[in-house]
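Peer 1: Encoded as structure tokens, here's the structure I'll be asking about.
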Amino acid sequence: MTLDLQNLKKLAQLKSVILSMEKDFGLADMSEQERLIISAMSEFSNQEEALVTSRKLRNSVYCESLSAPTYHRALKSLLDKKILQPAEGRKTGLYRLCL
């Protein structure tokens with residue numbers, strides 16, 4: 001793989017925009033793992049009340065590299081913060097993003 005200065009500059013600019021947006025949306029205080037789960041939830045939720053399975057989240061491009069304990073800690077943290085909620089009548093396995 002060849003590193004190209006122009007492409008690295010573009011990547012740095014893109015990361016700057018992403019970091020700025022995360023700050024604007026209140027995500028900057030979250031852990032990287034929590035932000036990854038939120039990104040996966042956002043991608044799979046096609047409407048505000050959409051439910052997403054834990055398996056789909058876990059296997060997403062965002063979360064696939066997280067170890068199981070790290071994923072579950074971040075998921076529990078998001079549930080504790082009420083950013084995610086389990087589907088009505090369920091404790092685990094199916095979640096809704098609470099905006």
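The values are calculated or read from the model by the stated rules, or taken from the named source; none is laboratory data. Being a predicted model, the structure only gives us computed values, none of them experimental. Cβ placement follows ideal geometry from the backbone for every residue including glycine, while neighbour counts extend to all protein chains displayed.
Peer 1: Which of (1) surrounded by 10 or more Cβ atoms within 10 Å (Cβ to Cβ); (2) at pLDDT below 95; (3) of a type in the set (V, I, T); (4) out of contact with any strand residue (DSSP E or B) (no Cβ under 7 Å at 6 or more places or on another chain) is the odd one out, the single condition T53 does not satisfy?
Peer 2: (4)
Peer 1: Run down L99, L66 and say which single residue is part of a loop (DSSP other than H, G, I, E, B) and surrounded by 14 or more Cβ atoms within 10 Å (Cβ to Cβ).
Peer 2: After applying the criteria, what remains is L66.
Peer 1: Could you list, in sequence order, the residues of the stretch 49-63 that are out of contact with any Gly (no Cβ under 6 Å at 6 or more places or on another chain) and assigned to a helix (DSSP H, G or I)?
Peer 2: R55, K56, L57, R58
Peer 1: Something else about it: Only residues that are at negative phi, surrounded by fewer than 18 Cβ atoms within 10 Å (Cβ to Cβ) and in a loop (DSSP other than H, G, I, E, B): list them for the stretch 24-48, please.
Peer 2: Matches in the stretch 24-48: F25, L27, A28, D29, S31, S45, N46, Q47, E48.
Peer 1: Under the condition of being hydroxyl-bearing (S, T, Y) and over 21 Å from T92 (Cβ atoms), which residue from the stretch 6-63 is farthest from the chain's Cα centre (by Cα)?
Peer 2: Residues of the stretch 6-63 that are hydroxyl-bearing (S, T, Y), as a first pass: 16, 20, 31, 39, 42, 45, 53-54, 60, 62.
Then drop every residue that is not over 21 Å from T92 (Cβ atoms), which leaves 16, 20.
Working: S16: 18, S20: 16 Å.
That would be S16.
Peer 1: So, one more: Among (1) in a helix (DSSP H, G or I); (2) farther than 13 Å from L36 by Cα, which single condition is R73 missing?
Peer 2: Among (1) in a helix (DSSP H, G or I); (2) farther than 13 Å from L36 by Cα, the lone unmet condition for R73 is (2).
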